[in-house]
Amino acid sequence: MKDYTLKINGHTYNVQIDEVNEASTLARVTVNGTHYEVEIEGGKAAPVVKPQVAAAPKTANSAQITPQTAAPSAPVQRPAAAAAGAIKCPLPGTVMAVKVAVGDTVAVGQTLLVLEAMKMENNIDSDRAGVVKQICVQQGATVMEGDNLIVIE
């Protein structure tokens, strides 16, 4: 058994690797008290295969070809350095609504934004009173745990 302490995005994880089965590359791992069975990719990396572009058949009519376009996702502003007074995202999700604007005065417990995570809407409330200096996300943005959402001074 091997014990590790990992720090990922500012969060500390205690990891124990209990047993590794060399034949099947399965390992039993405990992360912060939760047990997992994981598969270890080892040895050689899979070779990278570049896709080849084939010419369209001569019988193809360009009017019959319909391009598939994905809806553009909303850009997420992520400041490089952690801003002082920033409200951090508690769990990964999608911003459903921003309830404040830059310059608004907020009180402790006031709802700042609504975050959809795990098919539930979660109110993200202010933990301090102050003035909204920066909104780091917009409606529709996908955010990860620890991302800055709103800066309050």
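The values are calculated or read from the model by the stated rules, or taken from the named source; none is laboratory data. Keep in mind it's a predicted model, so treat the numbers as computed, not measured. Glycine also receives a Cβ, built like all others from the backbone with ideal geometry; neighbour counts cover every protein chain displayed.
Just checking, does region 113-123 include any residue being modelled with pLDDT of 90 or more, of a type in the set (A, V, I, L, M), surrounded by 14 or more Cβ atoms within 10 Å (Cβ to Cβ) and over 30 Å from V15 (Cα atoms)?
yes
May I ask you to list the residues in region 1-23 that are of a type outside the set (G, A, S), surrounded by fewer than 10 Cβ atoms within 10 Å (Cβ to Cβ) and either modelled with pLDDT under 75 or touching a Leu at 6+ places or on another chain (Cβ under 9 Å) (or both)?
M1, T12, E22 - these are the residues of region 1-23 that are of a type outside the set (G, A, S), surrounded by fewer than 10 Cβ atoms within 10 Å (Cβ to Cβ) and either modelled with pLDDT under 75 or touching a Leu at 6+ places or on another chain (Cβ under 9 Å) (or both).
If you check E153 against the conditions, is it modelled with pLDDT under 95, in contact with a His (Cβ under 8 Å, 6 or more places away or on another chain) and either more than 24 Å from H11 (Cβ to Cβ) or not small (G, A, S) (or both)?
Details: modelled with pLDDT under 95: yes; in contact with a His (Cβ under 8 Å, 6 or more places away or on another chain): no; either more than 24 Å from H11 (Cβ to Cβ) or not small (G, A, S) (or both): yes.
For E153, the condition - modelled with pLDDT under 95, in contact with a His (Cβ under 8 Å, 6 or more places away or on another chain) and either more than 24 Å from H11 (Cβ to Cβ) or not small (G, A, S) (or both) - is not met.
Just need a number here: residues in region 116-128 that are more than 15 Å from A86 (Cβ to Cβ) and in contact with a strand residue (DSSP E or B) (Cβ under 8 Å, 6 or more places away or on another chain).
Restricting attention to region 116-128, the residues satisfying the condition of being more than 15 Å from A86 (Cβ to Cβ) are 116-123.
Subset that is in contact with a strand residue (DSSP E or B) (Cβ under 8 Å, 6 or more places away or on another chain): 116-118, 121-123.
Counting residues in region 116-128 that are more than 15 Å from A86 (Cβ to Cβ) and in contact with a strand residue (DSSP E or B) (Cβ under 8 Å, 6 or more places away or on another chain) gives 6.
Out of everything in region 24-50 that is part of a loop (DSSP other than H, G, I, E, B) and modelled with pLDDT of 75 or more, what residue ends up being farthest from N14 (Cα to Cα)?
Kept after step one, since they are part of a loop (DSSP other than H, G, I, E, B), are these residues of region 24-50: 24-25, 32-33, 40-50.
Next cut, modelled with pLDDT of 75 or more only: 32-33.
Details: N32: 5, G33: 8 Å.
So, considering only residues that are part of a loop (DSSP other than H, G, I, E, B) and modelled with pLDDT of 75 or more, the one farthest from N14 (Cα to Cα) is G33.
Among (1) under 18 Å from the mean Cα position of the chain (by Cα); (2) modelled with pLDDT under 90; (3) within 25 Å of H11 (Cα to Cα), where does A74 come up short?
(3)
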